[in-house]
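Here, each number is a calculation from the coordinates, and none is a lab measurement. Because the structure is predicted, anything quoted here is derived from the model rather than measured. Glycine gets a Cβ as well: all are built from the backbone with ideal geometry, and neighbour counts include every protein chain shown.
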Amino acid sequence: MTNRTLRFSTILFFALAGVFIVDQNIKTLFVDGFRYYTDCIDLILVYNKGVAFSLFAFLAEYLKYIQLTLVSGVLIYTFYLQKLCYAFPVGLLLGGAFSNIYDRFVHEGVVDMVYWHCGFDFAVFNFADVMIDVAVVYILVLQFKQNYCKN
């Protein structure tokens, strides 16, 4: 294994593991009973059987295997590219994705907990969802600003 591959793998792994561990610990608090209510944001427990906004909930048991296949494809493609600048954002994305997929196997739905209802009702989401969104924006910036990714 070359030094570049080792560095790429290390960054990706620690970003992935960090997001996974933090997200699962937060979710454990809510599964164990933690709740908090305010005028704008409620911290509650919701099991989402679908994806964003409960889409594709009708796929039920198959959804986790479809997602696992897609996320594994992203991981394989990322290792094929081996661009060091993508290691961190892809690690964030995969950490959130694997955490949510893990929920589907353990809880039969993704554990969501942040409910925004100030001015309008928004979907209930979790830390992994936020990290996935941050990763997508990061990757888009790297795509459109080629000078940020020089390797």
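When the dipole is taken about the Cα centre of the chain, and only Lys, Arg (+1) and Asp, Glu (-1) are charged at their Cβ, what size is it in debye, to the nearest 20?
In debye, rounded to 20, the chain gives about 860.
Let me check I've understood the local charge: for N126, count other residues with C-beta under 10 angstrom from its C-beta, Lys and Arg +1, Asp and Glu -1. What total comes out?
-3
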